[in-house]
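Peer 1: Quick one: the structure is below, questions incoming.
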Amino acid sequence: MHLSFSFGALLSWKAVLLAAFFSGLTSGAQAQNISAKLMRCVACHGADGNSQQEGVPSLASQPKIFIENQLVMIREGMRNIPIMQGVLDGVTDEELTAMATHYAALPLTSPPADRQQSLYVMGEKLAREMRCGTCHLPNYVGREQMPRLAGQREDYLLQSMRQFKSNQAVGRDTIMAAALYGASDDDIKALAYFMSRTTP
């Protein structure tokens, strides 16, 4: 017997699981509504919150408050992400909180197994010297409004740090521009490499 698989079937099962999850947090109608909204996130951020798309961050295991803040800023137009425009229109604060709770509780997949030791050590040294752990915690799992860096996609970390350094990260914490002041692009590459391969 051959089993067939389709992305549509995956989404259908995901919708059922999400509805079951949220039914324990809110009313049945609200649970269905929230799970339907979360289905919009699956295509880019992954069914389990672990992104497989270049330049798209993984949301799994991010701090709940961080996710909430980002969702509000995107909804209110304070953070401009073209592909996200309109996606959160009409989503209530309560629904955003439920979405953040969902993603914060999802487990993060293991980071890439390959490791270029010299680049990893360089990134580790830079992270220590630049005191990244002061805000993001020593194991880089993040806290409150500070994002988890450990295990995040390397390409997304690289893209974000370059935006911060060039003051292009509109709507995000400006302290990062100061934190990256004087860092070369090679430094940023090493930091992204190290963080992406660090196990939370």
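The values are calculated or read from the model by the stated rules, or taken from the named source; none is laboratory data. If you're wondering where the values come from, they're calculated on a predicted model, not measured in any experiment. Every residue, glycine as well, gets a Cβ built from its backbone with ideal geometry; the counts of neighbours run over all protein chains shown.
Peer 1: Does any residue of region 61-71 turn out to be touching a helix residue (DSSP H, G or I) at 6+ places or on another chain (Cβ under 6 Å) and without any contact (Cβ under 8 Å) to a residue 24 or more places away in the chain?
Peer 2: Among the residues of region 61-71, not one is touching a helix residue (DSSP H, G or I) at 6+ places or on another chain (Cβ under 6 Å) and without any contact (Cβ under 8 Å) to a residue 24 or more places away in the chain, which makes the answer no.
Peer 1: Next question. For region 34-71, which positions are assigned to a helix (DSSP H, G or I) and touching a Lys or Arg at 6+ places or on another chain (Cβ under 9 Å)? Break it down stepwise before answering.
Peer 2: First, the residues of region 34-71 that are assigned to a helix (DSSP H, G or I): 34-45, 64-71.
Of everything in region 34-71, those that are assigned to a helix (DSSP H, G or I) and touching a Lys or Arg at 6+ places or on another chain (Cβ under 9 Å) turn out to be 35, 38, 39, 42, 65, 66, 70.
Peer 1: Got at least one residue in region 150-170 being touching a Cys at 6+ places or on another chain (Cβ under 8 Å) and either buried (at least 16 other Cβ atoms within 10 Å of the Cβ) or among the β-branched types (Val, Ile, Thr) (or both)?
Peer 2: Initially, region 150-170 is screened for residues touching a Cys at 6+ places or on another chain (Cβ under 8 Å), giving none.
No, region 150-170 contains no residue that is touching a Cys at 6+ places or on another chain (Cβ under 8 Å) and either buried (at least 16 other Cβ atoms within 10 Å of the Cβ) or among the β-branched types (Val, Ile, Thr) (or both).
Peer 1: Then there is this: Please go through region 162-200 and give me each residue that is hydrophobic (A, V, I, L, M, F, W, C), free of Cβ contacts under 8 Å to residues at least 40 places away in the same chain and under 22 Å from residue 114 (Cα atoms), ordered by number.
Peer 2: 188
Peer 1: Just name the residue that is farthest from residue 50 (Cα to Cα) out of those in region 93-110 that are outside any loop (DSSP other than H, G, I, E, B) and of a type in the set (Val, Ile, Thr). Give the derivation first.
Peer 2: Step one: list which residues in region 93-110 are outside any loop (DSSP other than H, G, I, E, B), which gives 93-105.
Subset that is of a type in the set (Val, Ile, Thr): 97, 101.
Details: 97: 19, 101: 15 Å.
That would be 97.
Peer 1: Then there is this: Return the residue satisfying two criteria in turn: it lies in region 98-110 and is surrounded by fewer than 17 Cβ atoms within 10 Å (Cβ to Cβ) and over 19 Å from residue 33 (Cα atoms), and of such residues it is farthest from the chain's Cα centre (by Cα).
Peer 2: Filtering region 98-110 for residues surrounded by fewer than 17 Cβ atoms within 10 Å (Cβ to Cβ) gives 101, 105, 107, 109-110.
Next, from what is left, pick out any that are over 19 Å from residue 33 (Cα atoms): 105, 107, 109-110.
Numbers: 105: 12, 107: 12, 109: 12, 110: 15 Å.
Top of the filtered list is 110.
Peer 1: Of all residues in region 75-92 being part of a helix (DSSP H, G or I) and not basic (Lys, Arg), which is farthest from residue 57 (Cα to Cα)?
Peer 2: First, the residues of region 75-92 that are part of a helix (DSSP H, G or I): 75, 82-84.
If we keep only those that are not basic (Lys, Arg) too, we end up with 82-84.
Working: 82: 15, 83: 13, 84: 13 Å.
Residue satisfying both the conditions and the ranking: 82.
Peer 1: Could you list all residues from region 28-67 that are over 22 Å from residue 89 (Cβ atoms) and at pLDDT below 65?
Peer 2: Of everything in region 28-67, just one residue is over 22 Å from residue 89 (Cβ atoms) and at pLDDT below 65, namely 28.
Peer 1: Give the residue, chosen from 176, 122, 146, that is closer than 30 Å to residue 35 by Cβ and outside the structural domain of residue 53 (by TED's automatic domain parsing).
Peer 2: On the way: 176 fails: closer than 30 Å to residue 35 by Cβ; 122 fails: closer than 30 Å to residue 35 by Cβ.
Among 176, 122, 146, only 146 is closer than 30 Å to residue 35 by Cβ and outside the structural domain of residue 53 (by TED's automatic domain parsing).
Peer 1: Oh, and also: Name the pairs whose Cβ atoms lie under 9 Å apart, with the first residue in region 111-125 and under 22 Å from residue 52 (Cβ atoms) and loosely packed, with under 13 Cβ neighbours inside 10 Å, the second at pLDDT 95 or above and of a type in the set (Gly, Ala, Ser), and 6 or more positions between them or separate chains?
Peer 2: Sorted first by the residue in region 111-125, then by its partner, the pairs are 112/196.
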